[in-house]
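See below for the structure under consideration.
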Amino acid sequence: RDYFANLCSNEEMGEFMVDIMYEAHKEVLGDSYQWAMITSSLTSEQMIARANYMVDYAKEKYPGLEFMGLESGESDAQKNYNAAVSLMRANPDLKVIMSNASDALGPIAEAIEAEGKIGQVYGTGMTTPNLAKPGFESGAIMGAMLWSPAKWGRFAVTLLNEVLNGKEFKMGEDPNIPGFPNAIQFAEDEFRYNELQEYTKANINDFDF
């Protein structure tokens, strides 16, 4: 490839998710509770790096939060569901289960409801809106996030168009990508723009994907 049109760093995304978790639940859970995480793969370097960063970031910024463990759902709905059930049964005082994969939060919410834990355990983290809507409705989810797939696609196509039109990019200079004033050239072959979306009960129905 000539260039990678990326979103943002693992660190930026991880901090965004942990901050949303804390802010969404502080009114009902306070600043001290147990949380755990479900990711898509325990062999994916990127997934594990982001998960590890989130754990370290949470320990430093929110010392009252106690991390109870990381499970993998292997991008399978039933395995995500089973992982959430296992985490709740193994940790009776668990309060929040973080999704580190966009396909995990829906099954986490289903598991919370099936285990009779609405109002006791909450799901949060990465999701697509339509997967999360039932959880917001039931009360199993209070806060979630993702990025805009449409805007990310437009970013990639716009960058491609600039390259095809002969534009040359130099590290350290403003890449001046139309429509993306905050885009940066992160490396010789990588561009990023940091724009993530927070979902709440108030705005979740504004999205349909």
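Below are the figures for this structure:
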| quantity | calculated |
| --- | --- |
| Residues that are assigned to a helix (DSSP H, G or I) and under 14 Å from E66 (Cα atoms), drawn from segment 27-51 | L29 |
| Total residues in segment 135-159, condition within 24 Å of L29 (Cα to Cα) and under 18 Å from the mean Cα position of the chain (by Cα) | 9 |
| Inter-residue pairs, beta-carbon under 7 Å, first at pLDDT below 90 and in segment 35-46, second open to solvent by less than 100 Å² (accessible area, probe 1.4 Å), 6+ apart | Q46/N10 |
| Sole exception among (1) open to solvent by 80 Å² or more (accessible area, probe 1.4 Å); (2) under 30 Å from I118 (Cβ atoms) for G135, by number | (1) |
| Filter result (touching a Lys or Arg at 6+ places or on another chain (Cβ under 8 Å) and assigned to a strand (DSSP E or B)) within segment 167-184 | I184 |
| Residues of segment 71-116 satisfying the condition of being part of a strand (DSSP E or B) and without any contact (Cβ under 8 Å) to a residue 60 or more places away in the chain | E71, S72 |
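Here is a yes/no grid of residues against (1) of a type in the set (K, R); (2) within 17 Å of A144 (Cα to Cα); (3) open to solvent by less than 80 Å² (accessible area, probe 1.4 Å); (4) in contact with a Phe, Trp or Tyr (Cβ under 6 Å, 6 or more places away or on another chain):
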residue: L29; (1), (2), (3), (4): no, yes, yes, no
residue: M37; (1), (2), (3), (4): no, yes, yes, no
residue: L42; (1), (2), (3), (4): no, no, no, no
residue: I48; (1), (2), (3), (4): no, no, yes, no
residue: Y53; (1), (2), (3), (4): no, no, yes, no
residue: D56; (1), (2), (3), (4): no, no, no, no
residue: P63; (1), (2), (3), (4): no, no, no, no
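Residues are listed down the side, and each one gets a yes or a no for (1) open to solvent by 80 Å² or more (accessible area, probe 1.4 Å); (2) over 19 Å from E12 (Cβ atoms):
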{"residue": "A109", "(1), (2)": "no, yes"}
{"residue": "I112", "(1), (2)": "no, yes"}
{"residue": "K170", "(1), (2)": "yes, yes"}
{"residue": "D174", "(1), (2)": "yes, yes"}
{"residue": "F191", "(1), (2)": "no, no"}
{"residue": "T200", "(1), (2)": "no, yes"}
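The values are calculated or read from the model by the stated rules, or taken from the named source; none is laboratory data. Worth saying up front: this structure is predicted, and the values here are computed from it rather than measured. Using ideal geometry, Cβ is built from the backbone for each residue, glycine included, and neighbour counts are taken over all protein chains shown. Calculation scope for accessible area: heavy atoms of the full protein, side chains included, ligands and nucleic acids excluded. Shrake-Rupley method; radii C 1.70, N 1.55, O 1.52, S 1.80 Å.
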